[in-house]
Every structure is written in C-alpha cells, then in structure tokens.
Amino acid sequence: MSTSYQNFIDGKWVDALGGETFENRNPADWEEVVGVFPKSMKEDVDRAVKAATEAQKDWKKVPVPVRGAILTKAADLLVERKEEYSRDMTREMGKVLTETRGDVQEAIDTGYYAGSEGRRFFGRTVPSELPNKAAFTTHLPLGVVGLIAPWNFPMAIPSWKSFPALLAGNGVVFKPASDVPLSGTHFIRTLIDAGVPPKLLNLVHGTGGSVGGPIIEHEGLQGISFTGSTAVGKLITRVSADTLKRVSLELGGKNAQIVWEDADLDLALEGVLWGAFGTTGQRCTATSRLIIHEAVHDMFLDMLIEAIGKLTLGNGLEEGVDIGPLVNEEQLKMMVDYTQIGLEGGAELRVGGEVASDGALDKGFFFKPTVFSGVTPEMRIATEEIFGPILSVLKVSDWDEAVAVHNNTDYGLSSSLYTKNLNLSFHAVDDLVAGITYINAPTIGAECHLPFGGCKGTGNGHREGGWGPYEFFSETKTVYFDYSGALQRAQIDTEEV
Ligand code: NAD
C-alpha cells in the first residue's frame, strides 16, 4: 500500500478538488512507488491564490526581522530532518546520497541567509538636492507570487525562491515538478512547522499543464519565479505579457570546461568527472562540453576515458555508487537519441553511448557515461542542452578559438578554465559569455550567497542566490520627506545644482 500525500492549501492538507492522483516512482527501481500525490487543476490553484492573498495582508505587517526569525527556525528544522529528506530525495529522483545531502544543505544555507537578511534588507538613504528634505528607499512586497521549480534540485531550488519571497513579505503558491513532489512536500511542511502562517504558503501538486499553466496565467499573482526549460520559459514570458507580471527565469545551459596546455591535468580530470557526470549530468550547470588545448588533447582524453571506466552506476542510496539513474524514461530515451545525433553528426563515440541494464540496473533508467571526441562547434551535440551524462570534446589551438568555440551556443550559464596562467584567467572572466566563471574548478558548485544565473538563452537577466532575489520579490518605494514647510520644486528651484 503506497503512502498518499496531499496539497497544502488555505492552511490545510487537502486532496485535489477533482480527486485525481498521480504516482511518484523511484527511477533506480521503477517497481517502487514512493508515494501517490494529488493531480490538481485550475480550481486548486484558484483556492491557493485566494488564501495567500488574504493571509498576505497580515504577513506584510510582520516586522522583517520577525519574518527572518521564522525562516531561521525553518533552517534549524531542516538540519534536524536532513538525513530523512536526503534519503527520500534520492528515492524519488535518483541522485546519489552525498548529492542529495548537499541539496538539503543548500536549502539550509539559504534559510540562514534569509534569516539574517531579516536584520538587513537595506534601503538607501540618498541626499536630496533640496534643503530640509530627506529621501530614502524602502521595500514593499510584490503581493502573491507563483514559484515553479524543476526536478533536479528538489529542495535547493524551491528554497532559493521561497525564502526570499517570504522574507520580502509575499504570499506564495508553489508548484514542485511532478517527478519530485515528496521533497516539495517535506520543504513546505518544514516551513509551516517553523511558524510561517499556514494560509500564506500554498503547495499545489500536478503537471506543468494542469497546475503550471493556471499559475502563469493567474491574474491574482504579481510575480512568477521559474526554473526549468527554455521552451517553458519562453511560454511564460509570452503569457505574462497579458498580466504584466514580473518574471524571473532560470533556464538551460550548455556549459564548457576549458583545459589549457599548462593546466594541472589531474585536477582538471577530477573537475570534469564531477562536472559532467555528477547528478548524472542533469544539472543546468553540468559540463556538457570539454574544450581542450591541442597540446594536451590526446593525453587528457586518454586519462578521461580511463577514469570513466572506474565509475560505478547504481542506486544512489548504496555505498560506492558514483552515478545514479536518469530521472525518468523520457530522459533516458533522450540520451539514446543524442547518442544517435552525435554519431550521425560525425563525432567519434569514445566510451558509453548505451543504456546500462546489467543486473539490478535493469529496474531503473541507467545510461553509461558517454564521451564523444572530434566534435566540431556546429554539431548539435556541441550546441544543444543534453541534460544527461554525455560529454562532447572539442579541440582548439589558441585562446581566440577557445573563446569562439565556448561562446558558440544559445546559452550562457556556467564556464570553467583550468590553467596556471593568471593573465589568461582574467581574460576568461572578460571573454567567456556566461553568468558564472570558475577558475580551476568545475562548472558546478555554486554557493547560495552569491548570484546565480546566466546570459543569453539561460534566462532573462535576474539572478537567484545572494541579494538579487530580495529585490526581485519587492517593489522599491522611494520616499521624499520635505520638512522645509514650503513648496520646493526639484529641477526648477535647483537649476544651479
Ligand atoms: P521543465 O521546463 O519541463 O519543467 C520545469 C517546471 O515547469 C516543472 O515544475 C514543470 O511541471 C513546469 N511546467 C512544465 N510545463 C509548464 C507550462 N506549460 N506552464 C507552467 N509550468 C510548466 O524543466 P525540467 O525538465 O523540470 O528541468 C530541466 C530544465 O531545467 C533544463 O533545461 C535545465 O537546464 C533547467 N534548469 C535550470 C536551472 C537554472 O537555474 N538555470 C536549474 C535547474 C534546471
């Protein structure tokens, strides 16, 4: 008998109004049902928006440090529950336990950051050009916001959105991806247990079409924070034009690690193994391209192929497993398709390229870590996001070529250069079109107190992490306070300034 879970709407755990449900299964063992969840529709979203709108009227009056203290308490509770939540996360989406612990830890760190922001959340005091007049800025909440998250960081990404949204005084309607409803449930339960007003925070489970669609179209929401695919991001931009919602989009990536001729090759090897195959390559920041200087190309490629042979695939809950399954059958099929695309495009398959189904792997969606060499910049496997354990290797002969190859994609999220050349490192900062550049570290590994996001097709310019989202979830109010007792006209009485 599988456990049934519910939505959290209007302060209560409830089924979808239509009574429909969907199953959440373990991608490492498809026979295991992790839970049964409500398949919600527009009317559930409507109820959630209504409840959050009512509750937000009180929440916006709660002093910001008090809001922060509640969020700190949520982070404390996540610390206590970390192991349980990490194990459940591995069961529902497959990544290995060390990584799911990192995912929950990121939510914890983000909660503590939000708690401390409660005692900052600075406005600015600005000198007025007129005498006896004060000028400053303060924050007002947007109102109620819709948060839509993907499945690959089931607690970290919802935390990047929810903590700043709540701290800034907003009501929330949150839709987790339907591959990870349990982690979404754990996260919301924790916030409620910590003291977030129940009606303020609403969890609505369901598919992108049945719940995501009504959220992005909803006239009662003032903002949408979305992380997911570029296709859905573009749809949200179009739909939001009608209601002029504020929209933050974090979308795909086609990230590259560049290995220069003077690089520490052992270090670069560890970096690319982690960057390309960590989370089974299912990260927006995954290393999908490896750009190698011709002087070390052949040697580094040999080192890489040998190291890949030592990686172990399996259930992420088991000791010694390096790579878990793909999240679902569709993603697995995508890997088979991209292998074919690579071969048809003329690239050389060096390792992997097939479904792994030996023994217990047969029950899940496993794909062997795959490397293509001889990839040229215009090939599809060099430009399209693959979102799985497939790495495309490109050879370059000088820095200008490396930059041209690196920038030859529609995305611009994360980038990495391995070199001992200090000057070249700073050229990388200037030349690589990406929101993040790592020097001597892989393309993955963002820290929650620093801005996270990208250029070009990766988003619309907003950043998650750090201080940016607190601005995104706020309206800036500019206050002029004239204590001169006379009419003072800016620009007119101050012509000489
Ligand atoms: P997705 O776009 O399919 O789904 C993301 C979320 O949007 C899910 O909750 C889904 O249910 C919802 N959704 C789907 N269709 C919708 C619609 N029509 N209206 C509203 N909501 C809808 O993406 P995914 O497969 O879950 O995640 C993988 C993608 O996310 C990759 O492209 C990856 O690069 C990207 N991603 C980006 C970041 C980042 O920060 N840049 C982080 C993680 C993942």
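Structure notes:
- Test: residue in segment 90-98 that is in contact with a strand residue (DSSP E or B) (Cβ under 6 Å, 6 or more places away or on another chain) and within 16 Å of the ligand (Cβ to nearest atom): yes
- Hey, residue 188 more than 16 Å from residue 161 (Cβ to Cβ) and modelled with pLDDT of 95 or more or not: no
- Residue match in segment 80-103 (condition: open to solvent by 80 Å² or more (accessible area, probe 1.4 Å) and among the hydroxyl-bearing types (Ser, Thr, Tyr)): yes
- Residue in segment 20-43 that is over 27 Å from the mean Cα position of the chain (by Cα) and assigned to a helix (DSSP H, G or I) present: yes
- In segment 363-379 there is at least one residue that is more than 25 Å from residue 443 (Cβ to Cβ) and open to solvent by 30 Å² or more (accessible area, probe 1.4 Å).
- Residue match in segment 473-490 (condition: open to solvent by less than 20 Å² (accessible area, probe 1.4 Å) and either under 27 Å from the mean Cα position of the chain (by Cα) or of a type in the set (S, T, N, Q) (or both)): yes
- Residue tally, condition among the aliphatic types (A, V, I, L, M), open to solvent by 40 Å² or more (accessible area, probe 1.4 Å) and touching a Pro at 6+ places or on another chain (Cβ under 9 Å), over segment 383-441: 1
- Whichever residue in segment 247-268 is in a strand (DSSP E or B) and more than 16 Å from the ligand (Cβ to nearest atom) and, among such residues, is farthest from the chain's Cα centre (by Cα): 259
- Extreme residue, farthest from residue 471 (Cα to Cα), among residues of segment 225-252 that are touching a helix residue (DSSP H, G or I) at 6+ places or on another chain (Cβ under 6 Å) and among the β-branched types (Val, Ile, Thr): 239
Yes or no, residue by residue, for (1) over 18 Å from the mean Cα position of the chain (by Cα); (2) among the small types (Gly, Ala, Ser); (3) within 16 Å of the ligand (Cβ to nearest atom):
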residue: 158; (1), (2), (3): no, no, yes
residue: 163; (1), (2), (3): no, no, yes
residue: 167; (1), (2), (3): yes, no, no
residue: 171; (1), (2), (3): yes, yes, no
residue: 183; (1), (2), (3): no, yes, yes
residue: 190; (1), (2), (3): yes, no, no
residue: 193; (1), (2), (3): yes, no, no
residue: 196; (1), (2), (3): yes, no, no
residue: 202; (1), (2), (3): yes, no, yes
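- Candidates 271, 233, filtered to the one that is within 9 Å of the ligand (Cβ to nearest atom), open to solvent by less than 10 Å² (accessible area, probe 1.4 Å) and touching a strand residue (DSSP E or B) at 6+ places or on another chain (Cβ under 7 Å): 233
- Residues in segment 277-290 include none that are over 18 Å from residue 446 (Cα atoms) and not in a strand (DSSP E or B).
- The requirement of being acidic (Asp, Glu) and closer than 21 Å to residue 6 by Cβ is fulfilled nowhere in segment 204-218; no residue meets it.
- Exactly one residue among 207, 137 is among the hydroxyl-bearing types (Ser, Thr, Tyr), touching a strand residue (DSSP E or B) at 6+ places or on another chain (Cβ under 9 Å), in contact (Cβ under 8 Å) with a residue 24 or more places away in the chain and under 19 Å from residue 46 (Cα atoms), and that residue is 207.
- All positions within segment 152-181 that are touching a Phe, Trp or Tyr at 6+ places or on another chain (Cβ under 7 Å) and hydrophobic (A, V, I, L, M, F, W, C): 155, 165, 167, 168, 177, 180
The values are calculated or read from the model by the stated rules, or taken from the named source; none is laboratory data. Because the structure is a prediction, the values reported are computed rather than measured. Cβ atoms come from the backbone with ideal geometry, glycine included; neighbour counts cover every protein chain shown. In case anyone asks, the SASA skips ligands and DNA or RNA and just uses the protein heavy atoms, side chains included. Shrake-Rupley method; radii C 1.70, N 1.55, O 1.52, S 1.80 Å.
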